[in-house]
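Okay, so here's the structure we're looking at.
Read the figures in this text as sums done on the coordinates, not as results from a lab. Note that this is a predicted model, so its numbers are computed, not measured. Because the Cβ atoms are built from the backbone with ideal geometry, glycine has one as well, and the counts that use them run over all protein chains shown.
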Amino acid sequence: MAERKVGDICGSSASTTSDDHPKDTLDLKPEDGDPESPEAQKDQDLKSVLVTSVLNLEEIDVDLYRGTHHWVPRTQRLFGGQIIGQALVAAAKSVGDNLYAHSLHCYFVRAGDPKVPVLYQVDRIRDGRSFTVRSVRAIQHGQPILICQASFQMLQPSPLQHQFTMPAVPPPEDLLTAEELIRLYLSKPDLAEKYKLGLNKLLAIEVPIEIKPVNPPVFYKVTASEPKNLFWVRARGYIGEGNMKLHCCVAAYVSDFALLGTALLPYPGYRAQFAASLDHAMWFHSTFRSDEWMLYECESPWAGGSRGLVQGRLWRRDGVLAASCSQEGVLRVKPVTRPSKL
Ligand SMILES: CC(=O)SCCNC(=O)CCNC(=O)[C@H](O)C(C)(C)COP(=O)(O)OP(=O)(O)OC[C@H]1O[C@@H](n2cnc3c(N)ncnc32)[C@H](O)[C@@H]1OP(=O)(O)O
């Protein structure tokens, strides 16, 4: 069982002990690392996308913020992870530097409209001695699209510490990114034209997340599998050590990516006719860097009634459990029709 360090709650930076916490703010300006370093310069643009646009809200009034969009799925409904991440940013703005996000619970009540920004209205529910709770409504066209409650806690170490063991998988250096896999498929001389179009569309999507599937699907070979999936994941770009609240917001964004699809893995004979996240809950257990590779372990323990339940665990490379999440989504499917062999 991986040894957890005292103070390993989402908030202190990974290297601190219990008595020297960096000022943990949500100032989203580029980290004070060496901005001229090749690493920071190389990714500054992409970092500016994720840090200064997707998760950098404009303050409209006290506890009222406005968020814009960067990447929108082909469904043309706003990506749920964006709305969760932005809602957590809004909630965190009115919370002291000595408090750290430990959980959030959301309902997606209407589809997000990519043509208009999202307003985030924060309600300061309670400021307790150890725990502080905020409620956030994400609003478009005067109606809520998401309702979210987030809770923050002071650092309070405890002798009760345990976690599961991280799955044994190849390191990310031994695996290909989703883009590299797609290019590999596209290089196959016998690939049918109709597949090329779909794959090139996938390549064109500018998702600010890098993904390396641990067990990449054998492309277009439809086989049923257990409702379990593993992939290495990280935010594109350099974010840096200090903004633990920001890393939680990025992890919230990442956690909703490719999660619901886990419930479809046992049913290759069906494709989603209508799929959307209904709710999303997340718990932050330790410090982590969302701009460094983390293992995302996804599984679906149940599906039925046009819904699927999926759960995820985000692991640091050193085996520490960083965050857990659960989500239920509506899954309406129809049989996949294949051209007859006759
Ligand atoms: C992975 C992600 O990031 S998803 C993004 C985040 N999540 C979301 O955007 C979901 C937001 N929430 C919502 O949109 C709403 O709460 C809903 C759609 C989930 C539920 O709203 P309801 O008013 O109950 O809609 P309902 O479920 O009846 O219908 C939804 C769709 O399914 C269709 N539908 C309904 N019943 C059936 C059925 N039995 N068979 C097939 N289709 C059906 C409806 O026609 C509708 O399709 P349409 O939007 O193309 O017209």
In order over segment 76-93: 3J(HN,Hα) from phi, Karplus 6.51/-1.76/1.60, θ = phi - 60°, whole Hz, x for each Gly or Pro, gives 6, 9, 4, 5, x, x, 5, 5, 5, x, 5, 5, 5, 4, 4, 4, 6, 4
proj_area_mean for segment 223-277 (convex hull on C-alpha atoms), units nm², value 5.1
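Compute the relative contact order of segment 198-342 as a whole-number percentage, counting only Cα pairs closer than 8 Å that sit 6 or more residues apart in sequence.
26
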In debye, nearest 20, what is the charge dipole magnitude of segment 219-312 about its Cα centre with +1 on Lys and Arg Cβ and -1 on Asp and Glu Cβ, if you could check? 240
Distance from the Cα centre of segment 105-126 to that of segment 203-246, in angstrom? 25
Considering the Cα positions of segment 79-136, please state its Rg to one decimal place and its Dmax as a whole number of Å. 12.5, 41
